[in-house]
Amino acid sequence: MKIIMLGAPGAGKGTQAKQIAEKYKIPHISTGDIFRANIKNGTELGKKAKTFMDQGLLVPDELVVDLVVDRVRQEDCTNGYVLDGFPRTIPQAEALDAALEAIGEKIDYAINVEVPDENIVRRMSGRRACVACGATYHLVHIPPKAEGICDKCGKELILRDDDKPETVEKRLNVYHEQTQPLINYYTDKKVLVEVDGTVDMADVFAAIVKILGE
Ligand code: AP5
Ligand code: MG
């Protein structure tokens, strides 16, 4: 099963993708997580990506396309994968389709998690992420057991630089301009499905399972 998660920043793509990956036993590939890991490790890619990410801008297509195309060709992706945060532009979607077509494959579902802009800023300012393992929490919806400490690995939880309110607004604008057109793109390909992302996380997941099957 090859799945793409679509949705605004903070719509819950990562939250749902992790559960999909676990239930259907396929890898969760988040380009945001890949960039954050590169930033943390001080790689060249990380340095380049950071300058765009901190401003709420997209990293240029040429830094992300090959990375994902190489990743989905790896052994563990034979039975499928869930892509979270990619594609984010029409050229990225076209490059992915071309790469898949070349090996006789295609995307099965593009799941659009719908959340209106007003809800987004509230969500992001409450999100906390672990500096070490990337686990995410929400101060109100999924608080960690001990304040500021990751339940899973005991390391520090932080507010992502790009979750500051002014940057979130910028990311939303970038989303509407560059990523939202993918909804029509995947509708035309007849793989788009939509779920309401404003309800409880468990209910969002239940709606997704209904679509993908038990
Ligand atoms: P990325 O990491 O992908 O960020 P994003 O798309 O902006 O999405 P987020 O991770 O912020 O949100 P999410 O939808 O995963 O929501 P989450 O589940 O965490 O990318 C970061 C940056 O990297 C980009 O801005 C760009 O610069 C660069 N980049 C990445 N990919 C790229 C690409 N392909 N091309 C170019 N540049 C790229 O949930 C958010 C919060 O809400 C959490 O606290 C969560 O607990 C809470 N929450 C989730 N669901 C619910 C619910 N149902 N009810 C209440 N709260 C909920
Ligand atoms: Mg995410």
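The values are calculated or read from the model by the stated rules, or taken from the named source; none is laboratory data. This structure is a prediction, so every number in the text was calculated from the model and none was measured. Using ideal geometry, Cβ is built from the backbone for each residue, glycine included, and neighbour counts are taken over all protein chains shown. Note: accessible area is taken over every heavy atom of the protein model, side chains too, but ligands, DNA and RNA are not part of it. Shrake-Rupley method; radii C 1.70, N 1.55, O 1.52, S 1.80 Å.
Checked against (1) over 19 Å from Leu6 (Cα atoms); (2) assigned to a helix (DSSP H, G or I); (3) hydroxyl-bearing (Ser, Thr, Tyr), Thr187 passes all but condition (1). With respect to Leu100, determine if the residue is touching a Leu at 6+ places or on another chain (Cβ under 7 Å) and more than 16 Å from ligand 2 (Cβ to nearest atom). No, not satisfied.
Every residue, every condition in (1) open to solvent by 40 Å² or more (accessible area, probe 1.4 Å); (2) under 22 Å from Lys106 (Cα atoms); (3) more than 10 Å from ligand 1 (Cβ to nearest atom); (4) of a type in the set (Phe, Trp, Tyr), yes or no:
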| residue | (1), (2), (3), (4) |
| --- | --- |
| Gly7 | no, yes, no, no |
| Lys13 | no, yes, no, no |
| Arg36 | yes, no, no, no |
| Lys48 | yes, no, yes, no |
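Can you find even one residue in the stretch 1-9 that is more than 14 Å from ligand 2 (Cβ to nearest atom), modelled with pLDDT of 95 or more, farther than 21 Å from Ala93 by Cβ and outside any helix (DSSP H, G or I)? Reasoning before the result, please.
Filtering the stretch 1-9 for residues more than 14 Å from ligand 2 (Cβ to nearest atom) gives 1-3.
Next, from what is left, pick out any that are modelled with pLDDT of 95 or more: 1-3.
Now drop any that are not farther than 21 Å from Ala93 by Cβ, which leaves none.
No, that holds for no residue.
Scan the stretch 166-173 and tell me whether some residue there is in contact with a Leu (Cβ under 8 Å, 6 or more places away or on another chain) and either on the phi > 0 side of the Ramachandran plot or open to solvent by 20 Å² or more (accessible area, probe 1.4 Å) (or both). Yes, there is a match, as at least one residue in the stretch 166-173 is in contact with a Leu (Cβ under 8 Å, 6 or more places away or on another chain) and either on the phi > 0 side of the Ramachandran plot or open to solvent by 20 Å² or more (accessible area, probe 1.4 Å) (or both). Identify all residues within the stretch 96-120 that are open to solvent by 30 Å² or more (accessible area, probe 1.4 Å) and either in contact (Cβ under 8 Å) with a residue 60 or more places away in the chain or small (Gly, Ala, Ser) (or both); write none if there are none. Listed by number, the residues that qualify are Ala98, Ala102, Gly104, Glu105, Lys106, Asp108, Tyr109, Glu114, Pro116, Asp117, Asn119.
Mind listing just one residue for me: the one in the stretch 84-95 that is charged (D, E, K, R) and touching a residue at least 24 places away in the same chain (Cβ under 8 Å) and, of those, farthest from ligand 1 (Cβ to nearest atom)? Spell out how you get there, then give the answer.
Taking the stretch 84-95 as the starting set, the residues that turn out to be charged (D, E, K, R) are 84, 88, 94.
With touching a residue at least 24 places away in the same chain (Cβ under 8 Å) added as a condition, the list becomes 84, 88.
Values: Asp84: 6, Arg88: 4 Å.
Ranking the qualifying residues of the stretch 84-95, first place goes to Asp84.
When Gln55, Gln19 are checked against the criterion of being within 14 Å of ligand 2 (Cβ to nearest atom) and surrounded by fewer than 20 Cβ atoms within 10 Å (Cβ to Cβ), a single residue qualifies: Gln19.
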